[in-house]
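What follows is calculated from the coordinates using simple rules that are stated; it is not laboratory data. Here the structure is a predicted model, which is why all the values come from computation and not from measurement. Note that we place each Cβ from the backbone using ideal geometry, even for glycine, and neighbour counts take in every protein chain shown.
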Amino acid sequence: MNDAPLVIKGGYVIDNHGLGRSDIAISPEGLITQCENDIEISSDQRVIDASGLYISPGFVDLHTHLREPGNSEAETIVSGTRKAALGGFTTVVAMPNTSPSIDCTSMVHEIRALAKLAVINVEIASAITLERKGEGLVNMKAMADLGVVMFTDDGNGVQDSSIMDKALSYAGELGVVVAQHLETNSISTGGLANLGPISQRLGIPGIPASSEEIMLARDLILLKNRNAKYHAQHISTSGSLEIIEIAKQRGLKFTCEVTPHHLFLDDSLVEKFNPIYKVNPPLRGTMDINEMRRGLLEGTIDAIATDHAPHTLEAKEKSFSEAPCGIESLDIALGIILKTFGLDIKDQIDAGKFVRVIDALTTRPRNIISKSRQTSLLSVGARGDLAIFSLDEKKEVAKERISPYGGLNFFGKVIYTICGGKVVVENGVGNW
Ligand SMILES: [Zn+2]
């Protein structure tokens, strides 16, 4: 419950249905009560002036590493959700590769207890297998009964086809999503960067596209016989997109995501041997990036998910071969994405592209983890989760940040984030 009902006035509204103008009223209970032009204000309502700003549903990140428990020097549920709120996210799905991993009901209770201090919604992904070892399945029913929204061994792909088949079979019965980190260990082991002309010239052991594509193809073959919800995580190669296009054209139902870094950064950056560019799947070549952009705009790639994976300075200061994989971007993802698609110049915006990109951050990912399909997140009765951003203001990324984006700046600064009717970010600053 919040202090006052809200009215957001004067902004442009953008969601999967289009770009237009509307005021939005939110009740103290945190639900949208009106979505129309020129809402009359009553004396108890707090007015947020959104003139010149863009209002979208709060962003939903299907792939967030909050690092707690086990590596709270790198991130905690509190610090990670604050970054997410600053980036306009109102829901994140916490990955289970914590230490210990989220593979039993007591861990779900533990995360829920820690998430009481989170400033936005934290949904939980369970591991598929115990300790993410790819051997024994977790008790999927018990985890599903507790409301975990996804099962994934993220960080590891499930190598054993029969285990994956069983997981899909149970997922079909339980109505839950199984998501896969696409990596075939027998092919990728020892690799540090995309296998291609650049890694070959530099003598860096390569990770071929086939590592990802073989597991994707195998999973889709298994999925044909299982009535399950399947989600391919962080796809990165043109071959993966081709497989997905063929499978979807043939009527197979499943979803997939791409990260901001696989849309924006290419493998030439590893020439610097700087571990800030080390990530799994690796940064790929320009052709792959162009295909990821095409797949996203055409809607074949459903969602943009950050794979926010922070590390300490100490960890990322190691050599390229020793440093851990991961790029973090929760608070700047919107700006990176808008720049990627040329949506950062206000007077030249392609509305169709803009709508698709916002859809990939909001309605589509929301529906991937929702039991019931929602056609509009900006309608009466929907949760009062909003991101309000400016295309006139830039967000500056600190130069010293351990990030490929350090020293850059991006239009698309989030001015307000409203979660369940509560203003958690105000004038670009966290309310905490
Ligand atoms: Zn992964």
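Longer than 27 Å from Cα to Cα, which of K83/K339; K318/K399; K253/K346 are they? Say none if no pair is. Walk me through the intermediate numbers first.
Values: K83/K339 20 Å; K318/K399 19 Å; K253/K346 36 Å.
Too far apart for the 27 Å limit: K253/K346.
So if I take the alpha carbon set of segment 337-412, get Rg, then get Rh from the Kirkwood formula, what is the Rg over Rh ratio?
That ratio is 1.05, to two decimals.
Given the -39500 (n - 2.57) contribution per DSSP H run of 4+ residues, what per-residue ellipticity at 222 nm results for the chain, rounded to the nearest 500 deg cm²/dmol? List each step's numbers first, then the result.
Values: 14 runs with 125 residues, N = 432.
One gets -8000 deg cm²/dmol as the mean residue ellipticity at 222 nm.
Using Cα pairs under 8 angstrom and six or more residues apart, how large is the relative contact order of segment 298-353, in percent?
Worked out over segment 298-353, it gives 27 percent.
Work out the length of the dipole vector of the chain about its Cα centre, built from +1 on the beta-carbon of each Lys and Arg and -1 on the beta-carbon of each Asp and Glu, and round it to the nearest 20 debye.
420 debye
Return the Cα extents of segment 253-410 along principal axes one, two and three, sorted largest first, each rounded to a whole Å.
So the extents along the principal axes, rounded to whole Å, are 52, 38, 31.
Ranking D61, D344 by Cβ neighbours within 10 Å, fewest first, what do you get?
D344, D61
For segment 166-229, give the magnitude of the charge dipole about the Cα centre (Cβ charges: +1 Lys/Arg, -1 Asp/Glu; no others), in debye to the nearest 20.
100 debye
For the charge dipole of the chain, defined by +1 on Lys and Arg C-beta atoms and -1 on Asp and Glu C-beta atoms about the Cα centroid, which residue among P208, A113, N409 has the Cα displaced farthest towards the positive pole?
Farthest towards the positive pole: P208.
Of the listed peptides 259-267, 171-179, 348-356, 81-89, what is their order by residue-averaged count of other C-beta atoms within 10 Å, with the highest listed first?
Result, highest mean Cβ count within 10 Å first: 81-89, 259-267, 171-179, 348-356.
Would you report the distance distribution of C-alpha pairs in segment 1-98 as whole percents per 5 angstrom bin, up to the bin with the largest distance?
Spelled out per bin, shortest first, that is 3, 12, 17, 17, 16, 12, 10, 8, 4, 1.
Take the alpha carbon gyration tensor of segment 58-369, find the square roots of its eigenvalues, order them as a ≥ b ≥ c, and report rounded if a/c is under 1.5; if not, report prolate when a/b exceeds b/c, else oblate.
Rounded shape, in that the Cα axes give a/c under 1.5.
Can you spot the lysines whose alpha carbon is less than 18 Å from K9's alpha carbon? Ignore those fewer than 8 places along the same chain.
Excluding near neighbours in sequence, the set is K422.
Give, as a single signed number, the net charge of other residues whose beta carbon lies under 9 Å from the beta carbon of K9, with Lys and Arg counted +1 and Asp and Glu -1. Please list the in-between numbers first.
Numbers: positive: none; negative: D23, D38, D49.
Charge balance in the 9 Å sphere: -3.
Which of A303, S101, A247 sits closest to the plus end of the dipole of the chain, meaning its Cα is farthest towards the positive end, when Lys and Arg get +1 and Asp and Glu get -1 on the C-beta?
The residue sitting most towards the positive pole is A247.
So who's got an amide H within less than 5 Å of the one on L53, skipping anything under 5 residues away but keeping other chains? H placed 1.01 Å off N, in plane.
Those qualifying (amide H under 5 Å, at least 5 residues apart or on another chain) are Y12.
Using unit Cβ charges (K, R positive; D, E negative) and no other charged atoms, how large, in debye to the nearest 20, is the dipole of segment 151-290 about its Cα centre?
In debye, rounded to 20, segment 151-290 gives about 200.
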